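Asks: Quick one: structure below, then a few questions.
The values are calculated or read from the model by the stated rules, or taken from the named source; none is laboratory data. Every value quoted in this text rests on a predicted model; they were computed, and no experiment measured them. Heads up, the Cβs are rebuilt from the backbone with ideal geometry, glycines too, and the neighbour counts pull from every protein chain shown. Ligands, DNA and RNA are stripped out before the accessible areas are found, and what is left, the full protein with its side chains, is counted by its heavy atoms. Shrake-Rupley method; radii C 1.70, N 1.55, O 1.52, S 1.80 Å.
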Amino acid sequence: MILKVVIIEDEKHSRETLRSMLEEFCQDVKVIATASSVKEAVKVLSIYSPDVVFLDIELQPGLGFDVLEQIKEPSFEIIFTTAFEKYAIKAIKFSSLDYLLKPVDLDELQDAVEKARTRMDTNVYRQQIDTLMQSLSSGTNKQEKICLATTAGMEFIAIEDIILCKADGSYTCFVLKNNSTLLVSKHLKEYENLLADQQFMRVHNSYLINLNEVKKYIKSDGGYIIMSNDMHVSISPRKKDDLIYAMKRL
């Protein structure tokens, strides 16, 4: 199947470079149109029916997100591109959407194209876009939901429903308030960085906890925490002072 692509990028050099990479190194891909501004992008997307849109976050003037606000229920996959790791990247990660940092790495580009080709559930994808837009419209770092890619599919979880995250090799296990668990194929470090602004703290190599779900801190036996679901969580000695300080600030 030929994958029809639209590139939205305000810099001509970046636009042409991405086009060349897609057509030369990505199998069965055809760039059907390009745009360099929000206004032009909205017009192009109303005329063409792409399968995938490469959307630059920083358009001049405006943002790539301004395009999404004007396209109701997009029927195409979106792969964001940007030269900067700003707050928007966190919002994109919370939504489990794809993005590429410029200059674009060829292997990462090929991986993103293949993921877009195999993604089928448009209803789930629209929820991902909705989660992204809600995060951005809040104007703060506070996130309401996170999208987790599990073996069963995409799960949209309220941040406040997460009690803790536990390392499981190269996976992360999410323990939720309803006593269920979700296994995600990403390292705990990924979520430590992502949830740092959401009152989560890495208290041990194996545990990232929701500070709002701590029920009790026990000093004996080397120090440990009892969570709201009665799970006992060990604390690394070097994290004890940081934990006490963080709990006092809640």
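Asks: What residue, of P50, P74, is over 19 Å from the mean Cα position of the chain (by Cα) and outside any strand (DSSP E or B)?
Replies: Just one listed residue meets the conditions, P50.
Asks: Could you please let me know if L55 is touching a residue at least 12 places away in the same chain (Cβ under 8 Å), under 24 Å from Y125 (Cα atoms) and part of a helix (DSSP H, G or I)?
Replies: No; evaluated as a whole, the condition is false for this residue.
Asks: What about D56, is it surrounded by fewer than 17 Cβ atoms within 10 Å (Cβ to Cβ), acidic (D, E) and more than 23 Å from A152 (Cα to Cα)?
Replies: No: the conditions fail for D56.
Asks: Taking region 212-234, which residues are of a type outside the set (V, I, T) and not in a loop (DSSP other than H, G, I, E, B)?
Replies: N212, E213, K215, K216, Y217, Y224, M227, H232, S234
Asks: Which residue out of N193, N178, N123 is of a type outside the set (D, E, K, R), in contact with a Lys or Arg (Cβ under 9 Å, 6 or more places away or on another chain) and open to solvent by 40 Å² or more (accessible area, probe 1.4 Å)?
Replies: Exactly one residue qualifies, and that residue is N193.
Asks: Please find, among L109, L101, L22, the residue that is aliphatic (A, V, I, L, M), over 17 Å from I129 (Cβ atoms) and without any contact (Cβ under 8 Å) to a residue 24 or more places away in the chain.
Replies: The unique qualifying residue is L101.
Asks: Could you check M133 against (1) open to solvent by less than 50 Å² (accessible area, probe 1.4 Å); (2) touching a residue at least 60 places away in the same chain (Cβ under 8 Å); (3) under 29 Å from S20 (Cβ atoms) and say which number it fails?
Replies: Tallying (1) open to solvent by less than 50 Å² (accessible area, probe 1.4 Å); (2) touching a residue at least 60 places away in the same chain (Cβ under 8 Å); (3) under 29 Å from S20 (Cβ atoms), M133 fails exactly one: (3).
Asks: Any chance you could count how many residues in region 3-20 are more than 20 Å from P61 (Cα to Cα) and either of a type outside the set (V, I, T) or not in a helix (DSSP H, G or I) (or both)?
Replies: 6
Asks: Test of understanding: among V113, V104, which residue is assigned to a helix (DSSP H, G or I), hydrophobic (A, V, I, L, M, F, W, C) and either under 30 Å from S14 (Cβ atoms) or open to solvent by 80 Å² or more (accessible area, probe 1.4 Å) (or both)?
Replies: V113
Asks: Given the criteria open to solvent by 10 Å² or more (accessible area, probe 1.4 Å) and assigned to a loop (DSSP other than H, G, I, E, B), does K186 qualify?
Replies: Yes; evaluated as a whole, the condition is true for this residue.
Asks: Right, here's the next one. If V31 meets every condition in (1) modelled with pLDDT of 95 or more; (2) part of a helix (DSSP H, G or I); (3) in contact with a helix residue (DSSP H, G or I) (Cβ under 6 Å, 6 or more places away or on another chain) apart from one, which number is that one?
Replies: Status for V31: all satisfied but (2).
To keep it simple, each residue is scored yes or no on (1) farther than 28 Å from A149 by Cα; (2) aromatic (F, W, Y); (3) crowded, with 19+ Cβ neighbours inside 10 Å.
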| residue | (1), (2), (3) |
| --- | --- |
| E11 | yes, no, no |
| S20 | yes, no, no |
| F25 | no, yes, no |
| A41 | yes, no, yes |
| G62 | yes, no, no |
| S95 | no, no, yes |
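Asks: Could you list, in sequence order, the residues of region 150-175 that are assigned to a strand (DSSP E or B), open to solvent by 40 Å² or more (accessible area, probe 1.4 Å) and out of contact with any Lys or Arg (no Cβ under 6 Å at 6 or more places or on another chain)?
Replies: M154, E155, K166, D168, Y171
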